[in-house]
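Everything on this sheet refers to the single structure shown next.
The values are calculated or read from the model by the stated rules, or taken from the named source; none is laboratory data. This one's a predicted model, so the numbers in the text were calculated from it and none came from an experiment. Here the Cβ positions follow ideal geometry from the backbone for every residue, glycine too, while neighbour counts run over all protein chains shown. Accessible surface areas use protein heavy atoms only, side chains included; no ligands, DNA or RNA. Shrake-Rupley method; radii C 1.70, N 1.55, O 1.52, S 1.80 Å.
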Amino acid sequence: MFEIHEVFRFISFWFLMFTIYSFIGWVFECVWTSIEQRKLQNRGFLFGPICPIYGVGMISFLILTQEIHFEWYIEFFIFALICTVIEYTTSVIMEKIFRVRWWDYSETTRFNLNGRVSLETSLGFGLGGMLIKYGLHPFILHLISPLSWQMIESINGVLLTILVIDIIFTTVATLKLRDKFSAKFGSTKIDVTSEIKKLTREYYSRAARFKRHMTKAAMENIQKTHKNIGNKISNFQGNLVVA
């Protein structure tokens, strides 16, 4: 039987790993697509620098393969399969909720499944998983090993708060704009992740500008009202003096 503190430590450790690999996945996505499209790309569904798909895939793979020993080529296949299933499922769910497909491989690769996953990306996931497990993961463990559990839990508290806020704000903006996304991107068969992220960011920028404009207008109206009242009082006092 696991003790409660062991369960919390297990969750804390893997949440930290999830955050780290989600950030690494975001960096990889941004760099890869920026090079591919020859312009700077900001990837991911969330506003922040994080792609949860990579985090979920990586920790699922690490948890599974640390408990059971597999040959390297089987590990390669396992990670490719895990990430492919996650990518396909995420594509379906997001399209159902937001009425638009974030990415589509139909016109970029011959070997794809309904445009949601492709052989090239699946092989890339497998290769990336192996490089991370045997190259990067030991280095990350070495970096966090000096941290106490109290420190890890404090870091996780901050990260979780930021993540929840990010999810709420991103989801609200995306739901508000989903009809616009559907009309603009519904018939396209290309990757529109960066464009959608840009539009959701602009949603809050416009909202902020609108609030500043309303505040400024309200202050001007208040000042104008005060001025009119002051003028009326002055006129009233002047009339009293004359009388």
Next item on the list: Tell me, yes or no, whether region 47-69 has at least one residue that is open to solvent by less than 60 Å² (accessible area, probe 1.4 Å), touching a strand residue (DSSP E or B) at 6+ places or on another chain (Cβ under 6 Å) and outside any loop (DSSP other than H, G, I, E, B).
Entry: no
Next item on the list: Working only within region 150-163, note down all residues that are over 16 Å from the mean Cα position of the chain (by Cα), surrounded by 12 or more Cβ atoms within 10 Å (Cβ to Cβ) and hydrophobic (A, V, I, L, M, F, W, C).
Entry: Ile152, Ile155
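Among the residues of region 7-23, are any touching a Ser or Thr at 6+ places or on another chain (Cβ under 8 Å), among the β-branched types (Val, Ile, Thr) and touching a residue at least 60 places away in the same chain (Cβ under 8 Å)?
no
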Checklist line | Residue check for Thr215: in contact with a strand residue (DSSP E or B) (Cβ under 8 Å, 6 or more places away or on another chain) and modelled with pLDDT under 90 | finding: no
Next item on the list: Report, ordered by the first and then the second residue, all pairs with beta carbons closer than 9 Å, sequence separation of six or more or different chains, a first member in region 38-49 that is small (Gly, Ala, Ser), and a second member that is part of a loop (DSSP other than H, G, I, E, B).
Entry: Gly44/Ile50; Gly44/Cys51
Notebook entry, point to check: Picking from Asp104, Asp166, which residue would you name as being more than 20 Å from Tyr88 (Cα to Cα), in contact (Cβ under 8 Å) with a residue 60 or more places away in the chain and either assigned to a helix (DSSP H, G or I) or under 20 Å from the mean Cα position of the chain (by Cα) (or both)?
Noted result: Asp166
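Go through region 1-48 and count every residue that is of a type in the set (Asp, Glu) and in contact with a Lys or Arg (Cβ under 7 Å, 6 or more places away or on another chain).
We begin by selecting, within region 1-48, every residue of a type in the set (Asp, Glu); these are 3, 6, 29, 36.
Now narrow it down to the ones that are in contact with a Lys or Arg (Cβ under 7 Å, 6 or more places away or on another chain): 29.
Selection size over region 1-48: 1.
For residues that are in contact (Cβ under 8 Å) with a residue 24 or more places away in the chain, among the hydrophobic types (A, V, I, L, M, F, W, C) and closer than 18 Å to Thr65 by Cβ, scanning just region 124-145, find the one that is surrounded by the fewest Cβ atoms within 10 Å (Cβ to Cβ).
As a first pass, look at region 124-145 and keep what is in contact (Cβ under 8 Å) with a residue 24 or more places away in the chain: 125-130, 132-133, 136-137, 140, 144.
Next cut, among the hydrophobic types (A, V, I, L, M, F, W, C) only: 125, 127, 130, 132, 136, 140, 144.
From what's left, closer than 18 Å to Thr65 by Cβ: 125, 127, 130, 132, 136, 140.
Values: Phe125: 25, Leu127: 13, Met130: 17, Ile132: 21, Leu136: 15, Ile140: 15.
Filtering region 124-145 for residues that are in contact (Cβ under 8 Å) with a residue 24 or more places away in the chain, among the hydrophobic types (A, V, I, L, M, F, W, C) and closer than 18 Å to Thr65 by Cβ, the one surrounded by the fewest Cβ atoms within 10 Å (Cβ to Cβ) comes out as Leu127.
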Check: Pick from region 12-46 the residues that are hydrophobic (A, V, I, L, M, F, W, C), modelled with pLDDT under 90 and open to solvent by 20 Å² or more (accessible area, probe 1.4 Å): which of them is farthest from Ile167 (Cα to Cα)?
Finding: Ile35
Check: Quick one: Pro146 ticks every box in (1) modelled with pLDDT of 90 or more; (2) part of a helix (DSSP H, G or I) bar one, so which box is it?
Finding: (2)
Checklist line | Which numbered condition Ile78 fails, given (1) closer than 21 Å to Val192 by Cβ; (2) crowded, with 16+ Cβ neighbours inside 10 Å | finding: (1)
Next item on the list: Considering each residue of region 81-115, count those that are modelled with pLDDT under 85, open to solvent by less than 30 Å² (accessible area, probe 1.4 Å) and of a type in the set (S, T, N, Q), and give that number.
Entry: 1
